[in-house]
Structures are given as structure tokens and as C-alpha cells.
């Protein structure tokens with residue numbers, strides 16, 4: 001242990017002049033605890049000017065799965081560019097479907113790095129059983145904006161863009177009031193897509209989600 005070590009839960013302001021090792025130990029401790037206070041402090045790390053500390057916090061959130069990921073949503077609409085970028089990256093990696101509307105707004109951010117991170121996050125969510133959620137949000141955009149967002153997805157994966165467009169043509173699914181709980185392979189979605197060869201559209205079905213599945217923050221619901 002270095003002499004830079006500090007007690008767990010120490011305010012983040014004390015980290016400014018600490019060593020890399022001390023910052024790593026701090027984030028590792030928060031990740032181990034994963035209680036509400038620790039999650040709040042990890043969120044603060046994503047707001048810190050230290051890129052190293054933000055990277056550590058991003059990795060911690062990724063390893064924690066769905067734990068606390070909803071706390072990142074407000075960061076998409078506030079803070080400095082690097083905070084918005086970090087939040088978008090984590091939410092995309094987690095396939096967090098409730099983040100889709102805010103991420104779509106963020107694709108027009110004035111900072112190119114932020115906008116690109118939001119575009120990547122949308123594609124990431126679509127890959128993680130969230131293509132329907134992305135389609136549902138795009139369906140509600142003006143036609144020109146919808147085409148731009150689809151083009152951004154197509155740049156990353158043509159099959160993924162085709163999957164999103166397929167869902168957009170399904171009036172029943174586009175009329176769902178709350179699409180967040182609906183993973184692409186959920187019974188409700190598959191029933192609405194009856195008659196379509198599912199694996200042609202999505203590839204092999206993913207493993208059945210376990211408790212704590214972060215996608216949509218609705219793990220274990222009847223819809224999934």
C-alpha cells in the first residue's frame with residue numbers, strides 16, 4: 001500500500017494530486033462495495049478532469065453490469081464533453097435501452113467526440129438485443145433526422161441497420177407505449193414478428209438473460 005492511500009468513501013476532491021495507484025485503489029474499493037454511496041462516487045469519477053480516473057470508472061461500471069447504470073442517464077444532458085462521452089460509452093456497452101432517447105439527442109452534440117460516442121452507443125445497444133428500442137425512437141423522428149441516424153448505424157453495420165429498419169416497418173411494435181422492457185428476442189417481439197425467420201434477422205438467439213441483466217433495467221420482467 002502506498003502512502004497515497006486514503007480511507008474508503010473519501011470525497012473525490014482529495015484525488016486531484018494522488019498517484020495513479022491511489023486512484024486505482026480508490027475505484028477498486030468503490031467497485032467492490034457497489035452500494036448507493038459507492039455508485040454515486042463512481043459517477044463523480046466520470047465527471048473528474050483526470051482521464052485516467054474516468055477510464056477506471058468506465059471499466060468499473062462495465063464490470064458491474066446493470067448495477068447503478070441508471071445513475072448515468074443524467075450525465076448525458078449535463079456536464080463537460082468528457083463526462084457526456086464517458087456516460088454514453090458505458091450505457092452503450094451495457095446495452096441500456098432506456099438511454100436510447102437521450103443518446104439520439106446526443107448524436108447532434110456540438111462536440112464531435114460526444115456525438116460519435118453517442119452514435120457508437122446506439123449501435124451497441126442495438127447489437128445487445130436493443131434494435132427494437134432504437135427503431136422505436138427513430139420512428140418518432142422527422143424523416144430527415146431518421147435517415148441520418150440510420151445512415152450512422154449503417155456505417156457501423158449494414159445488417160444492424162437492416163434489422164432496425166425491419167422493426168420500423170412493424171406498425172404493432174412501433175405503437176408500443178413502453179418499449180424499454182422489450183428485448184429483441186422477447187416473446188412479445190417474436191410474436192409480433194410471426195412468420196419471419198428470426199435468426200435471419202438477428203443471428204443465433206443469445207443466452208437466456210440471467211437476473212441482473214442490464215438491458216433496459218427490467219431484468220426478470222415478464223416482457224423479457
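No value in this document is a laboratory result; all are computed from the given coordinates. As the structure is a prediction and not an experimental result, all values here were calculated from the model. A quick note on method: Cβ atoms are made from the backbone with ideal geometry, for glycine too, and the neighbour counts reach across all protein chains shown.
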Task: 10 Å binning of all Cα-Cα separations within the range 11-67, expressed as whole percents from 0 upward - done: 26, 63, 12, 0
Open item on the list: Could you tell me the relative contact order of the range 98-142? Use alpha-carbon pairs under 8 Å, at least six residues apart, and round to a whole percent.
Closed with: 33
- [ ] Treat the count of other C-beta atoms within 10 Å as a stand-in for reagent exposure and order 177, 152, 194 from fewest to most.
- [x] 177, 194, 152
Task: Label-reachable residues, the range 62-89, where backbone N falls under 20 Å from a point 7 Å from residue 116's Cα toward its Cβ - done: 76, 80-89
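Please order 178, 48 by the number of other Cβ within 10 Å, starting at the fewest. Provide the component values of the computation, followed by the final result.
On the way: 178 11, 48 20.
Ordered by Cβ neighbours within 10 Å, fewest first: 178, 48.
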TODO: Rank the residues 136, 166 as a footprinting-exposure proxy: fewest other Cβ atoms within 10 Å of their Cβ go first.
DONE: 166, 136
Task: Inter-probe distance in nm under a simple model that places probes 7 Å from Cα toward Cβ, at residue 194 and residue 177 - done: 2.3
Task: Separation of the residue 62 and residue 154 label points, Cα + 7 Å toward Cβ, nm - done: 3.0
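Considering Cα pairs under 8 angstrom that are at least six residues apart, work out the relative contact order of the range 11-67 and quote it in whole percent.
Values: 40 pairs, mean separation 19.7, N = 57.
The normalised contact order for the range 11-67 reaches 35 percent.
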